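The values are calculated or read from the model by the stated rules, or taken from the named source; none is laboratory data. Since we're looking at a predicted model, the values are computed, not measured. Ideal geometry is used to build each Cβ from the backbone, glycine not excepted, and the neighbour counts take in all protein chains shown. These accessible areas exclude ligands, DNA and RNA; they are computed on the full protein's heavy atoms, side chains included. Shrake-Rupley method; radii C 1.70, N 1.55, O 1.52, S 1.80 Å.
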Amino acid sequence: MIQKLKYIQLHLGYCLYNIGILVMLSCTFHPSTVPKNKYTPFISEISLKFQNKDLQIDSLRMINLNTKIPCLYVDLRYAGNNNFMHSAMYPYHFNIAYARKPVAEALKKVQQTLNAKGLSLKIWDAYRPFAVTGAFWNKVHDEKYVANPALGSNHNRGVAVDVTVVDIHNGIPLDMGTDFDNFTDSAHSNYQQFSANILANRKLLRDIMVINGFQPLPTEWWHFSWPNSAAFPVLNIPLKQMKKIAH
Ligand SMILES: [Zn+2]
């Protein structure tokens, strides 16, 4: 019996030793040690342990756009059923948008320019937890429509926003020709078969965003991202938790 106990003790010790080595290995894990493949960013960056620490670095801070940008309209479409998934992917009716500090500062300038014209930005989506991108993928599984979670998305990095322009007084949107998450050619930036008014509205949004440092996406007139997105790690912090962390 005593021998058996000793064996269990030894075996347990050996297991703990192995776990210790695994933990050490995972802590010293570095992307450059992993052969590059399409899953590399996913493997190397979804290290939830270190996320909160990263967020204390000034340029990586997550900012509450609702409170930092005056007169901002926010309608997080994934917090309800009015989206291509036809279901709430965020906590129902959650309506606070977050982005990294450089993105928030640039959006503030965009907003100032629009406000001077009697207009305002409206945010449909900004920071999106990685798990939600995974959920999109599980449901749709088509790269034409959703980002492959193996790569993470710029929304997961807190550096992409989906926006439109509205009247500052009543929130009525300018006519952009299509709604958010329209996956047809008519959502493409170079699609020309619209009225002059719609084309001018799209140009207004695109020009102001680009002047303030954002990069447009050719296939989605509403999507803009911040350059050098790889410098911003993919995050998987739920929105309700982000509310406590963001500045
Ligand atoms: Zn987007």
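Structure above, values below:
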{"quantity": "Within the stretch 219-235, considering residues that are open to solvent by 40 Å² or more (accessible area, probe 1.4 Å) and within 13 Å of the chain's Cα centre (by Cα), the one farthest from the ligand (Cβ to nearest atom)", "calculated": "Ala230"}
{"quantity": "Filter result for the condition that a residue is away from the ligand (no atom under 16 Å from the Cβ), more than 19 Å from Pro102 (Cα to Cα) and charged (D, E, K, R), over Asp207, Asp185", "calculated": "Asp185"}
{"quantity": "Lys240 vs. criteria assigned by TED's automatic domain parsing to the domain that holds Leu76, within 16 Å of the ligand (Cβ to nearest atom) and open to solvent by 30 Å² or more (accessible area, probe 1.4 Å)", "calculated": "no"}
{"quantity": "Scope the stretch 150-168; condition more than 12 Å from the chain's Cα centre (by Cα) and either free of Cβ contacts under 8 Å to residues at least 60 places away in the same chain or open to solvent by 10 Å² or more (accessible area, probe 1.4 Å) (or both); matching residues", "calculated": "Leu151, Thr164, Val165, Asp167, Ile168"}
{"quantity": "Residue in the stretch 196-218 that is farthest from Ala135 (Cα to Cα), counting only those that are loosely packed, with under 15 Cβ neighbours inside 10 Å and not hydrophobic (A, V, I, L, M, F, W, C)", "calculated": "Asn197"}
{"quantity": "Breaking point among (1) touching a strand residue (DSSP E or B) at 6+ places or on another chain (Cβ under 9 Å); (2) open to solvent by 20 Å² or more (accessible area, probe 1.4 Å), for Leu114", "calculated": "(2)"}
{"quantity": "When residues of the stretch 149-182 are limited to those that are more than 12 Å from the ligand (Cβ to nearest atom) and among the acidic types (Asp, Glu), the one nearest to Asn228 (Cα to Cα)", "calculated": "Asp179"}
{"quantity": "Residues of the stretch 55-73 classified as touching a residue at least 60 places away in the same chain (Cβ under 8 Å) and either part of a loop (DSSP other than H, G, I, E, B) or at positive phi (or both), total", "calculated": "3"}
